[in-house]
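Everything on this sheet refers to the single structure shown next.
The values are calculated or read from the model by the stated rules, or taken from the named source; none is laboratory data. For clarity, every value in this text was computed on a predicted model and none was experimentally measured. Cβ atoms come from the backbone with ideal geometry, glycine included; neighbour counts cover every protein chain shown. Accessible surface areas use protein heavy atoms only, side chains included; no ligands, DNA or RNA. Shrake-Rupley method; radii C 1.70, N 1.55, O 1.52, S 1.80 Å.
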Amino acid sequence: QLQAFGGGLVQAGGSLRLSCVASGRTFSRYAVGWFRQAPGMEREWVASITWNSDNAGYADSVRVRFSISRDNAKNTVYLQMNGLKPEDTAVYYCAARESTSSLLLISAVMYDTWGQGTLVTVSS
């Protein structure tokens, strides 16, 4: 089971840190991704990280501003979001799949476990 935390209301230019916490499993062997879905829009990939943090990737729209990291001892993956823009407003979901590959999983269909989502609202 995954739970996403940390969403909220922030002004443009501000920062938030989202957390994705896993329970009931050994998270260290799982690749994790963050996705987001804005109202009326398709779910889109934001960032991914491999099981041992040796590879991470970002969508062009968030590259440089967002950073994904993990603490396997805490069963937690983080998404640090800086320089937030109104267009970052969305429900953010974390997803996981057991994988010890060094390849990034960037498509939603590659993941088999999803968290409930946390709402991020960026005001202008």
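What number, in percent, do you get for the relative contact order of the chain if the mean sequence gap of Cα pairs under 8 Å and at least 6 apart is divided by its residue count?
Across the chain, relative contact order equals 38 percent.
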Exercise for the section: Give the Cα extents of segment 72-124 along the principal axes, in whole Å, largest first. Expected result: 40, 27, 21
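Kindly sort D88, D112 by accessible area of their heavy atoms, largest first, with the probe set to 1.4 Å. Working shown, then result.
Working: D88 0, D112 100 Å².
My answer, sorted largest first, is D112, D88.
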Problem - With every protein chain in place, the chain: carbon and sulfur % of accessible area (1.4 Å) - result: 50
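How much accessible area per residue does segment 1-88 have, in Å², with a 1.4 Å probe? Each step should come with its number before you reach the end.
Working: 4370 Å² over 88 residues.
Per residue, segment 1-88 has 50 Å² of solvent-accessible surface.
Which order do peptides 12-23, 89-100 fall in by mean Cβ count within 10 Å, highest first? Show your work: numbers first, answer last.
Working: 12-23: 16.5, 89-100: 20.0.
The densest-packed peptide leads the list: 89-100, 12-23.
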Exercise for the section: Can you grab the distance from the C-alpha centre of segment 1-15 to the C-alpha centre of segment 39-63, Å, no decimals? Expected result: 15
Practice task
Could you run the Debye sum over the Cα atoms of the chain, one equal point scatterer each and no solvent, and tell me log10 of I(q)/I(0) at q = 0.10, 0.19, 0.22 Å⁻¹, two decimals?
Solution key: -0.26, -0.96, -1.28
